[in-house]
Structure formats: structure tokens, C-alpha cells
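Novice: I have a structure here, written as C-alpha cells, and I will follow up with some questions on it.
Readers should treat all values here as calculations from the given coordinates under stated rules, not as data from a laboratory. Remember, it's a predicted structure, so these values are computed and weren't measured experimentally. Backbone-built Cβ (ideal geometry, glycine too); neighbour counts: all protein chains shown.
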Amino acid sequence: MITVFGSINMDLVLPVPSIPRPGETVLCPSYETKPGGKGANQAVAAARAGAEVAMVGAVGRDGYGAQLRANLVEAGVEAEGVRETEHPTAIATIAVDPSAENAICVAGGANGAVDQAWVAEEALSAGNLLVLQMEVPAPQNWALIERAKAAGGRVMLSLAPAAPIPKTALDGLDFFLVNRIEAAMTADSLGWSLDKPLAIARRLADEAGVTCVVTLGGDGALAIEPDGTAWRQPVLTIDPVDTTGAGDTFAGVLAAGLDSGKALADALRRAAVAAGLACTALGAQESMPDKAEIDAALDRVDAAQLVA
Ligand code: RIB
């Protein structure tokens, strides 16, 4: 069973002709509201990929909150752990340009009120996988990681958006997901003079005993296991419409694969396929594939290769 502790946002998606520069105003004809939030996106991706998933998070007592809860339930996510708070439901404004590039601003609202105490002890025990990101207050994540480590469950953290992570929290992880920028920031915050993703991932895997996965956009992903085994996963070639949520899809489908007992290399390949498919429509969750769609597209991506 997977428990996702994290953010639930309503995305206001604006198809702009170009991403505004500081001080610039750009016009577009309209916008669409679409379910988002890194936590909810990962929960939906994992559920569509076939996992049993529960979401713990917060919304406001407003229309967006009700829509987002219904969206989770419709996607097959157990949403009993989604609480209503007096704060407004979080929103994200997402400007997407014709090349599928985006710029995102998040107003955290209810996400700031989540409490790790809402996660039941049973969800943290051996055989369970806890999935976290960084759109909720970091101290709640650190405390929950400590509880999960003591209870025997496995923990996956996507360090998005990037923030310094205490070494004690890092040591409590089983899977640590970062992109290039987040990897470099983590190395920096730990005082390491390293800039190459592979070198950073190797040191993280070695010193924290964690499987470190670095997503590299069009260059695929790297994964280093605690024993030093290194994998390179190629991407699915697609014509992207909107890359919003691709990283969340990767994380959710990777979690689903690992939770079902798949080997890391197999779970990485499924995650890469799903992340590519997720870029083919506007919106974070719109084109997230289900298990059958991942299976059908699997032979379009090479398997992860061992790196010497
Ligand atoms: O990772 C994509 C997500 O980031 C969007 O859905 C948006 O809500 C922001 O949280």
C-alpha cells in the first residue's frame, strides 16, 4: 500500500504565447482549471498504474476543495485522509508556452496546514511505502520520515520544489528523487563540491544508504543503489504538449512499480514510459496513463542499462 502525504492544488493553466519575463505581461485568450499539486499528481499516477493508494493532505472548505477530493476518488485514490481546513484550497498558476515549457507559481493555502500526525501508524509499517514531496511544511515531512523509519516502512521523497534536507532525514529515506537542479542544491547544502548528477547521486547513495534517482529531462534518468549499482534509463520520445506533472508521473509510477515488488530497473522503465505519455496533453493529470497504456507503450523505450 502507498500513502502519499502532500499537496493538493487546483491548477489554473494558461496557454501563453511566451513565458513572461520579470516585469512583463503576456495575454492569452482563456485558462482552464485542472487538478494538480505534486502530492495529488503522484497519488493519481500511482493509482492509475495499478497501485493501492491513500492520500493524506488538506483542502479548504470551498469549491476547489470539493472538486479535488472528488477527482482523487474518481482516480481510485482513497481520500479519507484529506481534511478540510479553514484555509483556502491551494492554487497554482501555470503558464505553458507552445514549446511545452512552463512557469509555475503556487499559493499553498491549506497545504500549509497539513500535519504528519494525520498519517496512521499502520500506513508506516513494513510492507508500506510512504511518498513525500516538498509543497507541504518541511518539518512535517522530516517528522514523518523519522516515524516511518522507526515503524519499518519504506520512504520515497521527491525534493520538489528544492529545499535543504537535513542529513538525518536523508538517512531515513529509501528512495530520493531529484532533478539536475535539486541534485546540485542538495550537494551544495551538504557542503559537497560536486556538480555532476552522477557523482552527486553516487555520494548520496553511498553516504545515506538511499537509492538516488536523478531525472534529466530529455536525457532520461539515472539511478544509483546503495551498493553502487548504477542505471541509466532512456526517455520515451514524444511530441510534448505540456510537461507539467511529468516528474510527478515518473515518481508515482516508480512508487507503484516498487510497491508491487518490481525490480528497480523494471520500475524505472515503466516510470519513463508514463512520464513521456503524461506530456501529451495540457494539464498535469490529463494524460497520465493507466497500467494498460503503460504496458502497451513499454517496447517504445529501451530498458535501463547498467552504468560502469
Ligand atoms: O509538478 C507539477 C505541479 O506543480 C502542478 O500540478 C502544480 O500544482 C504544482 O504543484
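Novice: Which semi-axes, in whole Å and largest first, does the equivalent ellipsoid of the stretch 152-192 have when worked out from the alpha carbon gyration tensor as the square roots of 5 times its eigenvalues? Could you put the intermediate results ahead of the total?
Specialist: Values: eigenvalues 64, 28, 10 Å².
Working from the Cα gyration tensor, I get semi-axes of 18, 12, 7 Å.
Novice: Follow-up. Mind ranking 175-181, 18-24 by how tightly packed they are, going by the mean number of other C-beta atoms within 10 angstrom, highest first? Could the numbers behind the result be given before it?
Specialist: Details: 175-181: 21.7, 18-24: 9.3.
The packing order, highest mean first, is 175-181, 18-24.
Novice: Ok, one more. Could you tell me whether the chain comes out rounded, prolate or oblate from its Cα gyration tensor? Rule is a ≥ b ≥ c as square roots of the eigenvalues, rounded for a/c under 1.5, then prolate if a/b exceeds b/c, otherwise oblate. Could you put the intermediate results ahead of the total?
Specialist: Numbers: a/c = 1.36, a/b = 1.13, b/c = 1.20.
Note, shape of the chain comes out rounded.
Novice: Would you calculate the separation in nanometres between label points at residue 303 and residue 117, each defined as 7 Å from the Cα along the Cα-to-beta-carbon direction?
Specialist: Once both label points are built, they end up 4.9 nm from each other.
Novice: Something else about it: Shape call for the stretch 161-280 from the C-alpha gyration tensor, a ≥ b ≥ c root eigenvalues: rounded (a/c under 1.5), prolate (a/b greater than b/c) or oblate? Present the calculation step by step, with values, prior to reporting the outcome.
Specialist: Working: a/c = 1.88, a/b = 1.44, b/c = 1.31.
Prolate is the answer for the stretch 161-280, as a/c is 1.5 or above and a/b outweighs b/c.
Novice: Next up: Over the C-alpha atoms of the stretch 47-127, what are the Rg and the largest Cα-to-Cα span, Dmax, in Å?
Specialist: Just the Cα atoms of the stretch 47-127 yield Rg and Dmax of 14.9, 46 Å.
Novice: Which semi-axes, in whole Å and largest first, does the equivalent ellipsoid of the stretch 216-308 have when worked out from the alpha carbon gyration tensor as the square roots of 5 times its eigenvalues? Don't jump to the answer; show the numbers that get you there.
Specialist: Details: eigenvalues 92, 38, 26 Å².
Equivalent ellipsoid of the stretch 216-308: 21, 14, 11 Å, largest first.
Novice: Continuing with this model, one more query. Build a GNM of the chain with springs between Cα atoms under 10 Å: which of 136, 44, 26 gets the top mean-square fluctuation?
Specialist: 26
Novice: Of 149/291; 149/262; 34/196; 167/196; 167/291, which pairs sit farther than 24 Å apart, going by alpha carbon to alpha carbon? Please report the intermediate quantities before stating the final value.
Specialist: On the way: 149/291 30 Å; 149/262 22 Å; 34/196 35 Å; 167/196 20 Å; 167/291 35 Å.
Distance filter (> 24 Å) returns 149/291; 34/196; 167/291.
Novice: How much of the DSSP beta bridge set in the chain is antiparallel, as a percent to the nearest 5? Let's see the in-between values first.
Specialist: On the way: 23 of 56 bridges.
Around 40 percent antiparallel, to the nearest 5.
Novice: Based on the mean of other Cβ atoms within 10 Å per residue, sort peptides 138-144, 33-39 so the most packed one is first.
Specialist: Values: 138-144: 18.7, 33-39: 26.3.
Ranking, from highest mean packing down: 33-39, 138-144.
Novice: Further, regarding this structure: When all alpha-carbon pairs of the stretch 104-245 are counted, what percent fall beyond 21 Å?
Specialist: 46
Novice: Does the stretch 26-179 come out rounded, prolate or oblate by the C-alpha gyration tensor, with a ≥ b ≥ c the root eigenvalues, rounded set by a/c under 1.5 and, if not, prolate when a/b is larger than b/c and oblate if not? List each step's numbers first, then the result.
Specialist: Working: a/c = 1.76, a/b = 1.46, b/c = 1.20.
Prolate, because a/c is 1.5 or more and a/b exceeds b/c.
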